[in-house]
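Below: the structure, in structure tokens.
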Amino acid sequence: MSDLRIAIILGSTRPGRNGKAVADWVVEQAAGRSASYELIDLLDHPLPLLDEPTPPSFGAYENEHTKAWAATIAPYDGFIFVTPEYNHSTSAVLKNAIDYLYAEWNNKAAGFVAWGSLGGARAIEHLRGISAELQIADVRQQLSFSLFSDFEDFSTFTPGPQYAEAAGVLFDQLEAWAGALKPLRG
């Protein structure tokens, strides 16, 4: 599976965000695997609220920012969405970035990493429903970090050692599904 490319998409852009430390930790955990893991920070891809005149499923992107976003996402075989939980869901910036595209997500695999007062579980559940509509196969393993036990003073990310093994399971499942789905796109 050395030809697999997995994007770790950081779905938080707010000032003082906890997400950068979480995403960097995921990148560190993925180091040395046979698949290639790369961080995509939505802070580096400022998309306005969805402004395409036709539905993304038509593939008729008109705006340059949409075309650039599509070109960024298209080469990947799978994704790890790293998201905070805001108001029992994922972040608006991540949902907006996902909504911009359609075919670029199809027949690919995804895993989820979240944090919040309940470990980001509700954000992940919302992302699972969104993934199904976009024909993204999501894996069972997820990483859920608590603001109460995995962050010092709710701001400094301090994950316990048990998460490294859980991350390995997530990567194994994601790589298996991304590899299995790749022929569907070829």
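The values are calculated or read from the model by the stated rules, or taken from the named source; none is laboratory data. In this text, all values refer to a predicted model and were calculated from it rather than measured experimentally. Cβ sites come from the backbone with ideal geometry, for glycine too, and all protein chains shown count toward neighbours.
Laid out as a table, the results:
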{"read-out": "Scope segment 98-118; condition farther than 12 Å from residue 134 by Cβ and modelled with pLDDT of 95 or more; matching residues", "value": "111, 112, 113, 114, 115, 116"}
{"read-out": "Residues satisfying the stated conditions in segment 2-17, i.e. more than 15 Å from the chain's Cα centre (by Cα) and either on the phi < 0 side of the Ramachandran plot or assigned to a strand (DSSP E or B) (or both)", "value": "2, 3, 4, 14, 15, 17"}
{"read-out": "Residue list for segment 62-72, filter: assigned to a loop (DSSP other than H, G, I, E, B) and touching a residue at least 12 places away in the same chain (Cβ under 8 Å)", "value": "63"}
{"read-out": "Criterion (closer than 30 Å to residue 152 by Cα and either modelled with pLDDT of 95 or more or outside any helix (DSSP H, G or I) (or both)) met by exactly one of 75, 46, 53", "value": "46"}
{"read-out": "Residue list for segment 21-35, filter: within 15 Å of the chain's Cα centre (by Cα) and surrounded by fewer than 17 Cβ atoms within 10 Å (Cβ to Cβ)", "value": "21, 24, 27"}
{"read-out": "Residue match in segment 41-49 (condition: closer than 19 Å to residue 166 by Cα and in contact with a helix residue (DSSP H, G or I) (Cβ under 9 Å, 6 or more places away or on another chain))", "value": "no"}
{"read-out": "Residue match in segment 158-175 (condition: of a type in the set (A, V, I, L, M) and part of a loop (DSSP other than H, G, I, E, B))", "value": "no"}
{"read-out": "Number of the condition not met by residue 140 [criteria: (1) surrounded by 15 or more Cβ atoms within 10 Å (Cβ to Cβ); (2) basic (Lys, Arg); (3) free of Cβ contacts under 8 Å to residues at least 60 places away in the same chain]", "value": "(1)"}
{"read-out": "Members of segment 18-43 found to be within 25 Å of residue 156 (Cα to Cα), part of a loop (DSSP other than H, G, I, E, B) and not hydrophobic (A, V, I, L, M, F, W, C), listed by number", "value": "18"}
{"read-out": "Contacts under 6 angstrom Cβ, first residue in segment 143-161 being closer than 12 Å to residue 22 by Cα and in contact (Cβ under 8 Å) with a residue 60 or more places away in the chain, partner of a type in the set (Asp, Glu) and surrounded by 10 or more Cβ atoms within 10 Å (Cβ to Cβ), 6 or more apart", "value": "159/150"}
